[in-house]
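Peer 1: Take this structure first; my questions come after.
Bear in mind these aren't lab numbers, they're just calculated from the coordinates by the rules spelled out. Every value quoted in this text rests on a predicted model; they were computed, and no experiment measured them. All Cβ positions, even for glycine, are placed from backbone atoms using ideal geometry, and neighbour counts span all protein chains on display.
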Amino acid sequence: MMRCKRLLKSTVGLFCAVAELYSGPVRAEDASAAETAAARSLAVEGLKLAQAGDCTAAVPKLERAEKLYHAAVVASRLGECYVNVGRLVEGTEILRKLLREPQPADATPALSKALDRAQRALDAAKPRIAGLTVKVAAVQDMSVKLDGVVVPSALVDTEIPTDPGEHSIDVSAPGFLKSSTHVKVAEAEKKSVSLTLTRDPNAVVVAPTSDAAAHQATPTSPTNPAPQPALAGERSALPRATANHTAAYVSLGIGAAGVVAGGVLGILTLKQHKTLQGQCPGDVCPPDKQDDLRSAKQLGNFSTIAFGIGGAGLALGTVLLFTLGSSTTDHAQLAPSSRFAGISSARVAVGPGQVVLDGDF
């Protein structure tokens with residue numbers, strides 16, 4: 001330690017201080033022994049290059065050493081080299097982070113000197129940072145890139161700390177032509193750049209299938225506001241779908257057949273009843289006419305049942321004709337259900353001796 005204190009002002013002293021920083025016991029949560037040794041070697045090589053004024057070659061070695069094992073001396077010189085090669089924003093952020101770290105009360109001379117050097121480098125670099133503001137009318141799914149890096153939407157139309165030099169700005173969005181520009185800013189200069197997105201005439205327009213899909217497919221802008229929901233009573237812009245009346249026609253056909261069958265059976269019943277009236281005086285039939293009497297009663301029952309089925313079929317068919325919706329699923333989901341005489345859907349059930357017509361009102 002005493003030898004390092006005596007040599008601290010020389011290059012050899014600086015490397016000695018680095019060796020001290022990496023010579024402590026390795027904790028389980030820190031780098032392994034092999035990584036610590038590699039970090040020490042890279043740090044010494046990087047510090048040699050930085051001491052010689054070659055920060056361009058020093059930066060990769062210092063970055064790798066700092067990634068393997070954090071040391072204040074290495075981080076301080078890495079931040080300085082970033083500033084020297086024109087990466088002011090990254091350099092000042094590394095120096096700020098280093099100076100905010102808690103330091104031991106018995107800091108070594110090497111650590112104290114590194115912190116003092118970091119503070120001086122930070123104070124000198126902060127006024128040199130430029131500011132760039134990108135202004136663009138926001139549209140849906142818009143992407144803004146500065147030097148190929150996506151700019152968060154919160155930073156659009158806000159001053160962004162920027163390194164001095166030339167920068168590229170690209171703005172894109174679905175359905176619009178890409179807008180790009182290059183801008184050059186000097187040290188400490190504040191500059192604003194405005195870009196405009198123009199609709200792409202060759203963009204494929206996707207036909208909307210619903211209000212939500214239409215809102216997603218069409219980007220919004222000040223000149224192209226988002227579609228408003230339809231007011232009550234407005235006609236839907238969707239094409240009218242053809243209704244499927246097959247069930248209604250089948251029910252009407254069954255109803256008509258039932259009425260016809262009931263009528264025919266009724267006529268046969270009346271004829272047989274008239275015949276029996278002449279053969280059964282006082283409504284009392286002899287034994288040889290009992291079979292004819294039973295047959296007439298059965299025909300009458302069948303006629304009644306046929307009329308019941310026919311009436312139910314006609315009623316159900318009429319209701320279905322006016323209440324059935326579109327044959328397409330999309331239209332059925334979007335269009336309100338139609339009603340006839342207060343009935344939104346109908347059901348029929350035929351059982352022994354009864355016909356039941358039911359529905360939703």
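Peer 1: Take GLU93 and ALA203, extend 7 Å from each Cα along the Cα→Cβ direction, and tell me the distance between the two endpoints in nm.
Peer 2: Distance between the two pseudo-spin positions: 3.2 nm.
Peer 1: In nm, what is the difference between 0.36 nm times the number of residues separating ALA138 and LEU293 and their Cα-Cα distance? Intermediate values should be presented prior to the final figure.
Peer 2: Working: separation 155, 0.36 × 155 = 55.80 nm, distance 9.15 nm.
Value of the extension gain: 46.7 nm.
Peer 1: Past 20 Å, Cα to Cα, is the threshold; run LYS135/LYS178; LYS48/LYS97; LYS97/LYS184 against it and keep the listed order. Write down the numbers at each step before the final one.
Peer 2: Details: LYS135/LYS178 15 Å; LYS48/LYS97 24 Å; LYS97/LYS184 28 Å.
Checking Cα-Cα distances, LYS48/LYS97; LYS97/LYS184 exceed 20 Å.
Peer 1: Need the full-extension length gain, LEU177 to CYS280, defined as separation in residues times 0.36 nm minus the C-alpha distance. One decimal, nm. Before the final figure, lay out the partial values.
Peer 2: Details: separation 103, 0.36 × 103 = 37.08 nm, distance 10.03 nm.
Length gained between LEU177 and CYS280: 27.0 nm.
Peer 1: Given the Cα-Cα distance of ALA33 and ALA124 and 0.36 nm per residue of separation, how much length would full extension add, in nm? Could you put the intermediate results ahead of the total?
Peer 2: On the way: separation 91, 0.36 × 91 = 32.76 nm, distance 3.69 nm.
29.1 nm is the gain from fully extending ALA33 to ALA124.
Peer 1: Rounded if a/c is under 1.5, else prolate if a/b beats b/c, else oblate: with a ≥ b ≥ c from the C-alpha gyration tensor eigenvalues square-rooted, which is region 104-144?
Peer 2: On the way: a/c = 7.50, a/b = 2.96, b/c = 2.53.
Since a/c reaches 1.5 and a/b is larger than b/c, the shape of region 104-144 is classed as prolate.
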